[in-house]
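Written below as structure tokens is the structure these notes are about.
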Amino acid sequence: MGLIGNIFGLGLFVTMVSCGRVLVEEFVSLTIQIVYINDTNSTIKIGDGGSCGFDEGNAISDFYTIEPQDTLILNRTNPEYMGTASINNISLYQGGGCRAMYMENEGSVCTGFSQGFYEVTNYENRKKTGKNSFEFTYRFTDETKAAAVACE
């Protein structure tokens, strides 16, 4: 068969064996609850000019407000999540444009964008509450505010 034939035959075999495995990731519907705790003296707004994919929101103009020393609970249902979701490997925001902003002067001036807001490992009390259901808690603190990137 020769070297090229053997390499081709081996490649075909590996491809066929790979095809025997479940390589196609399925779409699953995930339910995610996020608890935001504001331990700062600043008002925090969460949004991107839209709802960030939260079920409570209007995708056109909603920003969610968390007053100082208050808590906000939001829910999302992601009906087309592809892959296997786990506590440390999950996408919390659709489209990636969601941001958390520290506000001052009665919520009219953005003083900074929260760093680490997208990193699921920065959320405390990460837990699986059902087969495709998860709950995450993010705490805004003076430390996260100090690390915020200045608004443009």
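The values are calculated or read from the model by the stated rules, or taken from the named source; none is laboratory data. Keep in mind the model is a prediction, meaning the values are calculated, not measured. No Cβ is skipped: glycine too gets one built from the backbone with ideal geometry, and neighbour counts run over all protein chains shown.
When residues in the range 110-152 are screened for being surrounded by 15 or more Cβ atoms within 10 Å (Cβ to Cβ), over 23 Å from residue 31 (Cα atoms) and among the small types (Gly, Ala, Ser), 3 of them pass. Just a yes or no: is a residue in the range 43-62 modelled with pLDDT of 85 or more, touching a Pro at 6+ places or on another chain (Cβ under 9 Å) and among the hydroxyl-bearing types (Ser, Thr, Tyr)? Scanning the range 43-62 turns up at least one residue that is modelled with pLDDT of 85 or more, touching a Pro at 6+ places or on another chain (Cβ under 9 Å) and among the hydroxyl-bearing types (Ser, Thr, Tyr). Pick from the range 65-90 the residues that are of a type in the set (Ser, Thr, Tyr) and modelled with pLDDT under 75: which of them is surrounded by the fewest Cβ atoms within 10 Å (Cβ to Cβ)? Residue satisfying both the conditions and the ranking: 84.
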